[in-house]
Amino acid sequence: MPVNLKGRSLLTLLDFTPLEIKYLIDLARDLKAKKRAGICEPTLKGKNVVLLFEKTSTRTRCAFEVACFDEGAHVTFLDSNSSQMGKKESLEDTAKVLGRFYDGIEYRGFDQRVVELLAKHAGVPVFNGLTDDFHPTQMIADMMTIEEKFGKLKGLNFTYMGDARNNMGNSLMVACSKLGLNFTACAPKELFPKEDLVAQCKQIASENDCTITLTDDVKTGTTNADIIYTDIWVSMGEPEEVWESRIKMLSKYQVNSDVMKNANKDAIFMHCLPSFHDTNTTVAKDIEKKFGLKEMEVTDEVFLSRQSVVFDEAENRMHSIKAILVATMS
Ligand code: CP
Ligand code: NVA
């Protein structure tokens, strides 16, 4: 059956079939090639998209904006201080109003239920630009990048190291199980993904000939890996006080040259970014002062190595978000 995503919201990849996800990846690859060739087709001319950001962003916001501009759409950006949403006006009423003005709504915030509520009441596609639970637009870029590097997805061994129950750990486990990659969460037991999501992903994985493994052993978790992926140890919205315990729990899960040597020879390193691989940020400087760490989830050496594909991955955020908009709104 042909894929038709018109009018669909993207709240979590759990709602999408493998075929639909592959359709988005293929479209993103085509749109990337067109942009490289200087071919511009304003398929979203006359459309308007509102970007609601209750957390900060570089990639996701800019990807949505550039994707809209390239396709001839207009955007409005609202941060958490510049609308009535949730403070003087309910989410339901806000969704109904924005749905009258706009052809699509992007939301980045905390509770997954907010983006679900917006989608329920807006009457137009809603795109989850990251919540505490999921980061689905990132998944299209990540899987697209892996396919670019290996020429396939099915059968690859994917290892995620770090906080495996955050939005990235959850989303990558879902994406791998849908697309046939063997997913390993390599993390302390306290930071394993929630049991119900693991059970759901194991069921999906069994339908797509792949596996889900949880281990707290770094050697086991990274042996034979084709992709080593990590994320920051403390996510947006978490209190500063958790840094100390997170550093204690996660230091041995740092992606360093030993980890990369233990993985497959042609393994790649991935990270959604931003990353604390040096002390060139105010947060990292503060951590260095408090805990004496100069690098956190990944060493500078690995981050800057030939195996690292993080900036290709970042670029693909824009092409893949463009694909999501074109598929659902054009
Ligand atoms: N990866 C990602 O979502 O980056 P931003 O927080 O900069 O949007
Ligand atoms: N887990 C990170 C992802 C950032 C893209 C966070 O939520 O801050």
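The values are calculated or read from the model by the stated rules, or taken from the named source; none is laboratory data. This one's a predicted model, so the numbers in the text were calculated from it and none came from an experiment. Ideal geometry is used to build each Cβ from the backbone, glycine not excepted, and the neighbour counts take in all protein chains shown. Accessible surface is based on the protein model in full, side chains and every heavy atom, while ligands, DNA and RNA are left aside. Shrake-Rupley method; radii C 1.70, N 1.55, O 1.52, S 1.80 Å.
Okay, here's what the table says:
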{"item": "Any helices (runs of 4 or more DSSP H) falling wholly within the range 167-242 and containing at least 3 residues that are of a type in the set (D, E, K, R)", "result": "195-207"}
{"item": "Test for GLU190: is it surrounded by fewer than 19 Cβ atoms within 10 Å (Cβ to Cβ) and either without any contact (Cβ under 8 Å) to a residue 12 or more places away in the chain or closer than 12 Å to VAL174 by Cα (or both)", "result": "no"}
{"item": "The range 40-66 residues that are closer than 12 Å to TYR107 by Cβ, paired with ones that are of a type in the set (Ser, Thr, Tyr) and away from ligand 1 (no atom under 16 Å from the Cβ) (beta carbon under 8 Å, 6 or more apart)", "result": "VAL49/THR76; VAL49/TYR102; VAL50/THR76; VAL50/TYR102; LEU51/THR76; LEU52/SER83"}
{"item": "Residue within the range 82-94 that is under 19 Å from PHE110 (Cβ atoms) and within 16 Å of ligand 2 (Cβ to nearest atom) present", "result": "no"}
{"item": "Residue list for the range 189-231, filter: under 19 Å from ASP258 (Cα atoms) and hydrophobic (A, V, I, L, M, F, W, C)", "result": "VAL218, ALA225, ILE227, ILE228"}
{"item": "Condition check for ILE324: over 21 Å from SER171 (Cβ atoms) and in a helix (DSSP H, G or I)", "result": "no"}
{"item": "Selection status of LEU51, in contact with a Gly (Cβ under 8 Å, 6 or more places away or on another chain), open to solvent by less than 60 Å² (accessible area, probe 1.4 Å) and within 16 Å of ligand 1 (Cβ to nearest atom)", "result": "yes"}
{"item": "Evaluation of CYS62 against (1) of a type outside the set (Phe, Trp, Tyr); (2) within 16 Å of ligand 2 (Cβ to nearest atom); (3) surrounded by 17 or more Cβ atoms within 10 Å (Cβ to Cβ) (one fails), failing number", "result": "(3)"}
{"item": "Hey, SER177 surrounded by 16 or more Cβ atoms within 10 Å (Cβ to Cβ) and more than 16 Å from ligand 2 (Cβ to nearest atom) or not", "result": "yes"}
{"item": "Residue match in the range 16-33 (condition: exposed (fewer than 13 other Cβ atoms within 10 Å of the Cβ) and small (Gly, Ala, Ser))", "result": "yes"}
{"item": "Only one of ASP93, ASP103, ASP133, ASP142 that is within 21 Å of VAL66 (Cβ to Cβ), at pLDDT 95 or above, touching a helix residue (DSSP H, G or I) at 6+ places or on another chain (Cβ under 9 Å) and open to solvent by 10 Å² or more (accessible area, probe 1.4 Å)", "result": "ASP103"}
